[in-house]
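Encoded as structure tokens, the structure appears first; notes follow it.
The values are calculated or read from the model by the stated rules, or taken from the named source; none is laboratory data. Note that the structure is predicted; figures quoted are calculated from it, not measured. Here the Cβ positions follow ideal geometry from the backbone for every residue, glycine too, while neighbour counts run over all protein chains shown.
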Amino acid sequence: MYNQGFTTKNQSNQPASYQPAGYQPAGYQQPSSGQNPAQSWYQTPPQTQPQPRAKRQKQVRGGGSSGGNGQKPKKKRSFKWQLVKFLLILIVLAGAAVGGYLWKTQSEVRPYQNIFLDNIYVDGIELSGKSWAQGSQLVWDHVNAKQNGWYVRLKTSSGLYNDITAGTLGIAFDPTAALSQAWAIGHNLSGAEQKDIFALQDEITKAKSTRYEFSSAQQSADTTPIDSILQTLEAAAYRAPQNASISEFAPDNTSNPFIFVQEVYGQSLDTTQIKEQILYMVHNLESGEILLEPVWIAPAVTVADLQKTVALRYRAITAISSSSTEERTENIRVAFRKLNGVVIKNGDRLSFNKVVGTRTMANGFYGAIEYAYGEEVMGVGGGVCQASTTLYMAAIQAGMTITKRSPHSNPVNYTLLGLDATVNDMRGHEVDFAFKNGSGAPVYVTAHVIQGTSKRSLLAEVCIYGADLGSTSYELESVTVETIPKIEEAVYKEDKNGEYATYTDEQVRTVKGREGYISETYLCTYEDGVQVARTMVSRDTYEARADVYRVGVIDRYNP
């Protein structure tokens, strides 16, 4: 053997199985004394042969400059040794760098191994820095508290309420998945794909500037009871609207002849919006009250609407002369009582003679002075022409269509020329006044004799109500286009009945002569006070009159 005969120190005192320090397996070559031990793992180059011990020691220890076969291996070992040292240094430095980086990474990851990362929230609860057990307990306690204490109170304005609880809807929340998702950030979960230490470090770093929020999963929620509750509340809250109506036409109430039944607003609940609020509170497990405010339901017809259908279209008045007898004034009242309260449907026609009836005492009229062929004579119903004239003035200026109208033979003292309307019910000599309602809605007539500006003055008043004319109004205009001279030659008539004169030498003027007139009457239409039309509605002639005298028929001296 190469080391045969070499004995190590104290070799004889050690057990056969013990391997002393510095023991090397068979075949290992001990480096020479001048050789660095770090090079001992290198094998002796193949071309170098073993030499006797003494000669090898001499070659190792010798230092001369003489050449020889022993010097060449020494130089090769020195070069290799320098290379090995360099490589070892690189390996050590690289290992130190890697080890340092690994140590730094582990030191950053290690504190978070058993706690939740920064900015981790579950159901709004911050779990940063808490262990799994601590965080889970907090979240479960929070969920249970909210679930057990959650309610939605549906409250009416009167104070009545109905509570919806978690038990009502069978609501249950499970935060297990949310907690697992929260814990998975910066941790490895069993059964999941494993993250290396660098991936964990990245998640830890990101969590410092990013907020993570997780919510418990809703395991079950039966919203059917919500629909049932809302249907019950909706039925209880519903009130049907009631339209306004005209309960009575009271024509004798001169200030307001129409009595209305006030409209009533209905109410209902907007259950769609309320359900959305409830579901939002269910989803977020928010407790609170929802005030059930009804939605008003407007009626289709209001008093304001009806007032427009019975608005005053025109009010006509004529002054009753202070010289009018009580009987004549009463005849006006009788005619007005028959006209007062008349309702004319759209398309219908009103006839004065038909409504007022015959002027007889049996019909309530009185004897009074009236015009007959230009003369004032006593007749039953005297004065009704003022009633018909006032009705005509009201009707035409209320937008009615005049179908029959005749002027008096003489001008009258209660209206202008062309604005009068005479009537007569004498058989064979009938003269009527009539008009048609074409307004599109019913019209209502009121007629009264009312107090004037003084206690002694009286007025004949006719009002026509109906659909509001809005900005439209009508006005009659009387224009005298010609004056006819008075007839100068007097007319003498025998008074056979002796009403005015008895004897032939008696002459009593019963008719005062006067001028005649030709007048034109125009209906002017206004919009917002501006005249937009002017239409002639009549051309009337009032004949000139001569003085008329009544002469007796009995000779005073020769009876």
Legend entry - Residue in segment 180-202 that is surrounded by the most Cβ atoms within 10 Å (Cβ to Cβ), counting only those that are over 54 Å from the mean Cα position of the chain (by Cα) and not hydrophobic (A, V, I, L, M, F, W, C): Q201
Legend entry - Single unsatisfied condition, T510 versus (1) at pLDDT 95 or above; (2) crowded, with 17+ Cβ neighbours inside 10 Å; (3) not in a loop (DSSP other than H, G, I, E, B): (1)
Legend entry - Those strands (runs of 3 or more DSSP E) lying entirely in segment 365-443 with at least 3 residues surrounded by fewer than 20 Cβ atoms within 10 Å (Cβ to Cβ) and small (G, A, S): none
Inset, instruction - Answer yes or no: is there a residue in segment 159-179 that is loosely packed, with under 15 Cβ neighbours inside 10 Å and touching a Leu at 6+ places or on another chain (Cβ under 8 Å). - result: yes
Legend entry - Given (1) at pLDDT below 95; (2) in a strand (DSSP E or B), number of the condition T483 does not satisfy: (1)
Inset, instruction - Considering only segment 180-228, state which residues are modelled with pLDDT under 90, more than 27 Å from H142 (Cα to Cα) and of a type in the set (G, A, S). - result: G191, A192, A199
Inset, instruction - Kindly indicate whether V380 is closer than 25 Å to D252 by Cβ, among the aliphatic types (A, V, I, L, M) and touching a helix residue (DSSP H, G or I) at 6+ places or on another chain (Cβ under 8 Å). - result: no
Legend entry - Restricting segment 262-306 to residues that are acidic (D, E) and not in a helix (DSSP H, G or I), the residue that is farthest from N243 (Cα to Cα): E286
Inset, instruction - Would you mind finding the one in R110, R53, R61 that is exposed (fewer than 13 other Cβ atoms within 10 Å of the Cβ), among the charged types (D, E, K, R), outside the structural domain of A207 (by TED's automatic domain parsing) and modelled with pLDDT of 80 or more? - result: R110
Inset, instruction - Please give the number of the condition G159 fails out of (1) out of contact with any helix residue (DSSP H, G or I) (no Cβ under 7 Å at 6 or more places or on another chain); (2) of a type outside the set (F, W, Y); (3) in a helix (DSSP H, G or I). - result: (3)
Inset, instruction - Would you check if there is a residue in segment 453-466 being over 22 Å from I320 (Cα atoms) and of a type outside the set (D, E, K, R)? - result: yes
Inset, instruction - Report yes if some residue within segment 225-235 is in a loop (DSSP other than H, G, I, E, B) and of a type outside the set (D, E); otherwise report no. - result: no
Legend entry - Qualifying residue in segment 338-360 (condition: buried (at least 19 other Cβ atoms within 10 Å of the Cβ) and in a loop (DSSP other than H, G, I, E, B)): yes
Legend entry - Filtered residues of segment 141-150 (kept if of a type outside the set (A, V, I, L, M) and either in contact with a helix residue (DSSP H, G or I) (Cβ under 6 Å, 6 or more places away or on another chain) or surrounded by 17 or more Cβ atoms within 10 Å (Cβ to Cβ) (or both)): H142, K146, Q147, W150
Inset, instruction - Just one of (1) surrounded by fewer than 16 Cβ atoms within 10 Å (Cβ to Cβ); (2) under 28 Å from T453 (Cβ atoms); (3) in contact (Cβ under 8 Å) with a residue 12 or more places away in the chain trips up E326, so point out which. - result: (3)
